[in-house]
Amino acid sequence: MLHVTFLGILSVRTCRAFANDRFTAAALGTNSPVVPVVARGLTRFLPSAPVGLVGAFTVLLTPCIDHVVTFTELAGGDAERVTAATPALVVQLVLLPSYLWLFTGRR
């Protein structure tokens, strides 16, 4: 599904959308500080078993861009911009080990 979704979006339009600094800054500004706070709030009510918390944080803190692009396209949104933001979301993947350490409190 991911391959077909990305094939349907022209690379020229995606490159042009990636050049939109304001959109990229908004994506990073929302995903980097806001999403971890929301994830922490949502997991406060889960049992404190490390395996469950690591699983929940992994799902909540890492991007699932294939679904985002697909649903954005189906809703009539700007799928090119969302696709262009994909490299910016790598920041979430890089920060995941730090978030897991911080939120689970395991040393």
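Out of Thr72, Thr86, I need the residue that is out of contact with any strand residue (DSSP E or B) (no Cβ under 9 Å at 6 or more places or on another chain), modelled with pLDDT under 80, β-branched (Val, Ile, Thr) and under 19 Å from Ala26 (Cα atoms). Which one? Testing whether each residue is out of contact with any strand residue (DSSP E or B) (no Cβ under 9 Å at 6 or more places or on another chain), modelled with pLDDT under 80, β-branched (Val, Ile, Thr) and under 19 Å from Ala26 (Cα atoms) leaves just Thr86.
Residues in region 37-57 that are hydroxyl-bearing (Ser, Thr, Tyr) and either at pLDDT 90 or above or surrounded by 11 or more Cβ atoms within 10 Å (Cβ to Cβ) (or both): Thr43 alone.
The values are calculated or read from the model by the stated rules, or taken from the named source; none is laboratory data. Owing to the predicted nature of the structure, the values given are computational and were not obtained by experimental measurement. Glycine also receives a Cβ, built like all others from the backbone with ideal geometry; neighbour counts cover every protein chain displayed.
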